[in-house]
Structure formats: structure tokens, C-alpha cells
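The structure appears right after this line, and notes come after that.
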């Protein structure tokens with residue numbers, strides 16, 4: 001009987017919900033630290049969102065500069081979003097393959113019907 | 001923290017001198033804008049993750065409840081709660097500890113396994129999440145009347161309130177607050193009471209007790225016994241030996257026949273019956289066995305002798321009977337040999353005489369009706385055309401036996417009927433009438449009736465086989481030996497007998513223990529005898545309680561002084577608990593809170609069976625729900641992982657951006673030099 005071997009990358013297997021939520025909580029904690037830093041930076045810089053917008057949109061800058069800045073921000077945003085989407089897609093694929101590896105697969109039984117030779 | 005170049009800390013953009021403005025400032029501002037953009041993105045993802053984690057938390061709690069419902073035994077066989085000094089340890093991580101409050105009473109803290117608390121002090125119950133501080137007025141639940149807190153695992157904690165110092169005044173919401181005087185904790189058939197909570201010195205923590213469930217179906221005895229009186233009976237053996245000249249016939253052949261016929265019958269008797277027989281033999285001083293031998297040598301001579309035996313100590317009935325047969329057969333052989341010398345054995349008969357005895361018989365414990373079964377007669381005749389062979393008699397009775405057995409089979413007797421027939425055959429017996437017509441010399445007609453009683457322990461078939469064998473042997477001996485017929489010409493034979501009618505006992509079937517549709521209600525008397533009052537449900541920990549379908553913090557009541565106005569907060573709760581109520585919680589399994597029901601129906605969109613319609617699921621319904629919950633958790637698990645990598649990716653960019661802004665302003669410029677040159 002032919003034996004099929006499958007290699008399983010255990011690092012890609014689905015984690016338990018406890019580990020997952022612990023990991024996500026840790027990520028959130030880290031992110032919150034940075035959010036606080038950014039907030040403080042803005043405060044120290046004497047900026048808030050509205051003022052920043054007003055500053056960028058002010059008449060100190062030429063319309064070309066402003067246009068360029070907007071484009072740059074838009075590009076940055078798009079790039080950022082697609083990076084995140086790529087990351088999510090990669091993770092989704094990983095999860096799919098992990099759950100596929102974890103689930104039991106039906107083994108197709110060899111057909112018992114003999115092929116006819118053409119001669120009776 | 002370094003300031004962004006050119007942006008002062010005065011918080012006012014107008015103070016910047018436009019002349020000092022550089023493109024670098026603009027670039028820095030754009031970087032800041034990037035940061036802000038990232039900021040909102042990160043906050044969005046964090047919000048999603050928090051929500052997922054919250055759902056997973058609730059789902060895990062629900063799965064925990066389902067596990068309690070599925071595996072948790074709600075019937076205690078021994079106490080599981082412990083009292084250690086002023087601490088009470090309950091099941092599933094819950095606990096209670098008391099402290100004097102310094103004002104003559106006690107405070108106490110209810111804890112769950114996660115460290116959340118419900119603290120009682122100053123006539124108020126204050127839910128406190130683990131590791132947090134709260135404002136008692138903001139979250140406190142006033143003690144005004146009896147209230148019961150139902151924990152996730154179905155434990156009921158009833159707080160009995162004393163009389164308020166001052167009656168509740170609905171115009172200014174003052175007064176009405178009362179001390180907790182006693183606490184009653186019950187879970188199914190386990191219960192305990194803590195009394196005099198309001199008096200520091202005399203508070204007593206009672207020991208937990210277990211009560212036997214009151215409504216367990218009374219198990220009906222399925223069997224009972226009755227006394228059976230067996231009259232004195234005989235274990236006979238009769239065999240025709242056709243003028244056998246060998247003395248071995250006595251002990252080897254006949255002795256063996258006696259043993260093999262009755263050994264099984266005696267062993268088949270119940271141990272109780274064997275013991276009764278043996279006891280009776282002992283008290284009678286022994287048992288007798290009768291031997292008789294018909295000798296045809298020269299003059300016909302009949303030898304007979306009775307032997308008596310006493311059972312030894314430690315001898316069982318089968319062992320004793322075996323010894324009786326073995327000893328007597330040798331003794332009888334020697335006796336006959338001494339008297340007779342040469343021998344022609346016509347027949348040998350043995351009778352073992354059993355005394356009357358009585359024993360206890362096991363019968364079904366249900367009602368019985370006595371029914372009748374009618375008799376039937378069986379007749380058979382056969383021509384033998386002047387057969388000269390005495391063996392034809394045995395051939396005929398063998399025939400007759402087959403017919404009789406077939407008649408019995410046709411009756412298709414039930415076990416109870418067979419027992420009735422056996423009783424009848426044991427008490428009144430069975431009589432077989434045999435007739436034989438002989439044409440040798442003068443015509444003779446020989447007719448004999450043979451009566452037998454069945455021996456208890458003998459099977460019906462075994463009995464009739466014995467009857468036919470013995471009868472054939474007896475008739476042959478009768479004609480050949482006693483009537484001195486000699487040569488024979490058997491013209492015909494006939495037999496007739498009646499299978500007696502009998503009465504039998506029919507027992508009603510033993511009732512099957514009907515599965516109890518409701519779980520047994522094992523409520524402890526402390527719970528039964530005390531009203532629960534206002535009922536609050538644990539909603540995720542000791543710090544969250546639901547009353548009337550909403551969290552205690554969200555309770556609001558119409559202002560009694562101004563019906564268009566709603567009162568919320570502490571006074572809203574005072575209004576809600578100001579009247580005493582006598583609600584009863586009668587669940588024995590975990591229940592679902594309003595919040596959990598909403599999560600399932602609105603967010604996870606899980607449908608589940610709920611016959612009660614109120615979230616009081618049966619254990620079976622919990623098991624069904626658990627499967628959906630585990631699926632939902634797996635889905636959320638996947639979602640949460642995707643969100644986490646997105647967040648991590650976002651934070652990478654965020655970090656770079658922040659680093660660039662705060663620590664490497666020079667880098668900002670060089671990085672964006674291209675843009676700047678384009679901007680020019």
C-alpha cells in the first residue's frame with residue numbers, strides 16, 4: 001500500500017484562543033505605549049490635529065507644494081493600507097493551510113471496478 | 001522631547017513668523033500628519049481587537065457555564081464547601097471572607113476566581129473589578145430588603161436584611177437602608193447559613209450541610225420472597241435388568257444410574273433450598289434410602305433393605321447424597337450376596353426418602369394474579385402384531401413420550417405456566433395408564449396405573465422421561481416377573497394419561513424506572529424555607545450584576561414624585577430595591593445573562609435551543625450551544641490573529657514614522673529631499 005507522508009510546519013498551526021488573545025493583548029499594550037508617545041510629542045510640539053491641518057493648508061505654501069504634500073500623504077496612506085492588507089492576506093492563507101492541515105482528510109478508496117480489457 | 005523644528009510650544013500657530021518658515025517645517029508637518037493618520041488607524045484596529053477579545057471572553061465564560069451544566073454534578077454526596085476561620089471557600093473559585101467593621105458589625109467580601117469582588121460595608125454592596133478602585137456611590141447596591149445573588153454556577157447567596165434604621169422616604173430617597181443580618185448559601189442539596197452578621201462578636205458561620213434529595217423516585221423492590229412448603233418426597237429409581245446374573249449390576253450399573261439421575265436435580269436446587277433440606281435431615285437425625293431387588297433365580301425372591309445415614313458437618317447436600325448412594329449400594333450388594341449366592345436380577349428399585357421441608361423462594365415483587373390452565377388427555381395405541389419382544393414395551397413408551405412432549409410444546413407454556421405445572425406435578429403427581437394385550441397361550445390383558453410425583457428441581461421433560469422409563473420397566477417386570485408370563489405375544493398396547501390442569505401465578509411486569517424528565521430537584525431546606533427576594537445574576541464576575549435584565553449600574557426608575565422623570569444611579573437602585581419582593585430562583589443549572597443573550601443573538605448570530613425562552617437552558621441545550629460557541633470562538637480566534645498581524649504591521653510603520661519625527665529630524669530631510677526638490 002502506498003503511504004503518503006505530509007510535512008506539517010507546526011509553527012503555522014492555529015494557536016489556542018488563549019495564546020491568540022494574549023498575543024493580541026500584548027500587541028495592543030505595545031501600541032498604546034506608542035500612541036501615548038505620539039500624543040505627548042504632539043502636545044510638546046504644540047500641535048493638535050486641527051492646527052496641523054490648518055498649518056499644512058495655510059497660504060504659507062504654494063498650491064503646488066500643498067498638492068504635492070497631499071499626493072505624498074495619499075501615496076503613503078495607500079501604501080500603508082496595502083501593506084496591511086497583504087499582511088492580513090498572508091495570515092489568512094496561513095490560517096487556512098493550518099486548519100487544513102489540522103483537519104482530517106478523507107482518503108479516497110481505490111476503485112474496485114476492474115477496467116475492461118475490451119475482450120469478452 | 002525634541003520639538004519639531006520651528007514649531008514652538010506656545011500652542012498657537014499664529015506666533016510663527018512666516019519669514020522663518022522653511023520647507024523643512026512643511027515636511028515635518030506632513031510627517032506629523034502621517035503620524036496622525038497612522039494614529040487613527042491604530043486606534044481603529046485596537047478597538048477591533050478589544051472587541052474580539054471581549055467576545056472571546058464572554059464566549060469562554062459561556063463555555064464554562066456549558067461545562068458546568070454538562071459535567072457539574074448538581075447532586076452532592078458530601079460537602080464541598082469549607083469554613084476556615086472567617087473564610088468560606090465555595091465551589092468553582094468563589095469565596096467569602098468576613099472582617100469586623102469596627103462599628104460593632106462585620107464587613108465581608110465575596111470573591112470570584114479572577115479576583116473580582118463584591119464588598120459589603122455600610123449597608124451597601126459594592127462590586128469592584130480586580131485591581132481597580134470604584135466610587136461606592138457610583139456602583140454600590142443598597143441593601144434594603146432580602147436579595148439573592150446568583151453566581152454563574154447556580155450557587156444562591158441570599159442576604160437577609162434586617163429592619164431599616166429609618167423607613168425609606170420616597171420624596172427625598174432617604175432612609176430604607178438596612179443591615180445584612182444573615183447570609184444563606186445554597187447550591188442544590190448543599191447549604192449553609194451565616195447568622196448575626198450585623199453583630200461582630202456573635203456572628204456564627206454554620207457548617208455546610210448536605211441533604212438527601214426528597215423527590216428521588218422511590219425504587220420499587222423488584223423481587224420478594226415467599227415460603228415454599230415441600231412435602232416429604234421420594235427420589236425413586238426403577239430399572240428392569242432382564243435376569244442379569246452379575247452382582248455388579250447392583251452397585252456399578254444401578255448405583256451409577258441413581259447417582260447420575262439425581263445428581264443434577266439436587267444441584268439445580270437453589271442454595272437456600274439445599275440448605276433447608278440438609279438442615280431438616282440433620283434435625284430429623286438422618287435420611288433413609290430403600291433398596292429392593294427382585295431375583296428370579298430358582299424361586300422368585302425379593303430382597304429389600306433400608307439404610308440410614310447422617311450428614312457430616314461441612315458436607316453439602318450433593319456430597320451427602322453422593323455418599324448415601326455410594327455406601328448403600330455396596331452394603332446392599334453385600335447383603336444380597338450373603339443371602340442369595342447365584343443371582344438372576346429381574347429388577348432393582350431404590351427410593352431416597354426426603355423429609356418435608358420449607359424454604360424461601362424468590363419471586364417478582366409485583367402484584368400477582370392466579371390463573372388456570374386446563375388439563376388435556378393424551379391417548380395412544382399401537383398394534384405390535386404379536387411381537388415376542390418385551391423390548392416393545394419400552395419402544396411404545398418412548399413413542400408415547402414423544403407424543404406427550406409434542407403436546408407440551410404445542411401448549412407453548414410461559415415460564416410462569418411451567419412453574420405452575422411443576423407445582424401441580426410435585427403436589428398431586430401424574431398417573432400413567434398402560435395396557436398390553438397378550439395372545440400367548442391364553443389371551444391376557446394387562447393394565448397398570450403408575451403414579452409419580454415430580455421432585456423439586458427436576459425439569460418437566462426430565463420428569464416425563466423418568467416416568468416413561470420407569471413405567472416401561474415396571475410393566476415389564478410386572479408381566480414377566482410378578483405375573484410370571486414368560487414368553488409373550490404382544491398384540492397391542494395402549495396408554496392414556498392426563499396432563500393435569502393447574503393454576504399458576506402471573507406477576508405484573510416489573511415497572512421500568514422511568515427516566516426523570518426534570519433533573520431531580522435537590523433543593524436544600526435552607527433555600528426552600530427562605531424567600532430569595534430580589535434576584536441578581538452574576539454577569540461576568542463579582543463586579544458585574546444584572547437585575548431585571550440590565551446591569552445594576554444602568555438601573556433607572558420613574559421618579560415617584562415626577563413620573564416624567566427617570567431616576568438613575570444610586571438613587572435609582574434605592575428605588576428599585578425599596579420594596580420587598582418574594583421572587584424565587586429555582587434553577588439547578590447555569591443560566592444566561594441578558595448581556596450574553598444579546599451577544600449571541602445580535603453579534604455572533606448564534607441560534608440555540610431554549611425551551612424555557614428565558615435563557616434557562618437545560619443541560620442538553622447547553623451542550624448543543626457549546627458546539628456553536630466553540631465554532632464561534634475558533635472564528636474569532638482567526639479574526640483576532642489577522643487583526644494582530646495588521647496591528648503589528650501598522651505599528652512598524654508608526655514606529656518608523658515616529659522615530660523619524662522625534663529622533664532623526666536630519667533623516668526626515670534627507671529622506672524627503674526628492675519630494676522637496678520636486679516641490680520647488
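FYI, it's all coordinate maths here, none of it is from the lab. Just so we're clear, the structure is a prediction, and the values are computed from it rather than from any experiment. No Cβ is skipped: glycine too gets one built from the backbone with ideal geometry, and neighbour counts run over all protein chains shown.
Exposure proxy check: B:75, B:240, B:543 ranked by fewest other beta carbons within 10 Å?
Working: B:75 15, B:240 25, B:543 22.
Going from sparsest to densest Cβ surroundings: B:75, B:543, B:240.
Evaluate the relative contact order of the stretch B:226-363 (contact order divided by residue number), counting alpha-carbon pairs under 8 angstrom at least 6 apart; express in whole percent.
About 52 percent, as a whole number.
Looking only at the protein assembly as shown, where both bridge partners belong to it, what percent of the DSSP beta bridges are antiparallel (to the nearest 5)?
95 percent
Using helices alone, I'd like the mean residue ellipticity at 222 nm for the protein assembly as shown: each DSSP H run of four-plus residues gives -39500 (n - 2.57), total over residue count, nearest 500.
Computed mean residue ellipticity for the protein assembly as shown: -13000 deg cm²/dmol.
Using Cα atoms only, what is the angle between the long axis of helix B:619-662 and the major principal axis of chain B, expressed in degrees (0 to 90) to the nearest 10?
30 degrees
By counting other Cβ atoms within 10 Å of each Cβ, how are B:265, B:197, B:362 ranked from fewest to most?
B:362, B:265, B:197
Among A:89, B:261, which comes first, second and so on when ranked by fewest other beta-carbon atoms within 10 Å?
Details: A:89 11, B:261 19.
Lowest to highest Cβ neighbour count: A:89, B:261.
Can you tell me the 0 to 90 degree angle between the C-alpha axis of helix B:460-477 and the longest principal axis of chain B, rounded to 10?
10 degrees
Tell me the Kirkwood hydrodynamic radius of the stretch B:226-363 in angstroms, computed as one over the mean inverse distance between distinct C-alpha pairs.
Computed over the stretch B:226-363, the radius equals 15.8 Å.
For residue B:494 paired with residue B:565, estimate the spin-label separation in nm (one decimal), with each label point 7 Å from Cα along the Cα-to-Cβ line.
It is 11.9 nm.
What Kirkwood Rh does the protein assembly as shown have if only Cα atoms enter the pairwise 1/r average? Answer in Å.
38.3 Å
Can you work out the FRET efficiency for the pair residue B:334 and residue B:525, with r the C-beta to C-beta distance and R0 = 56 Å, to the nearest 0.05?
The value I calculate is 0.10.
Would you kindly give the portion of the calculated P(r) for the stretch B:379-501 that falls above 16 Å, as a percent of all Cα pairs?
Above the 16 Å cut-off, the stretch B:379-501 has 61 percent of its Cα pairs.
When Cβ neighbours within 10 Å are restricted to other protein chains, what is their mean count per residue of peptide B:32-43?
6
Using every pair of alpha-carbon atoms in chain B, split the distances into 10 Å bins beginning at 0 and state the percent of pairs per bin, rounded to integers.
That works out to 2, 10, 13, 11, 8, 7, 8, 9, 8, 7, 6, 4, 3, 2, 1, 0, 0, in percent per bin.
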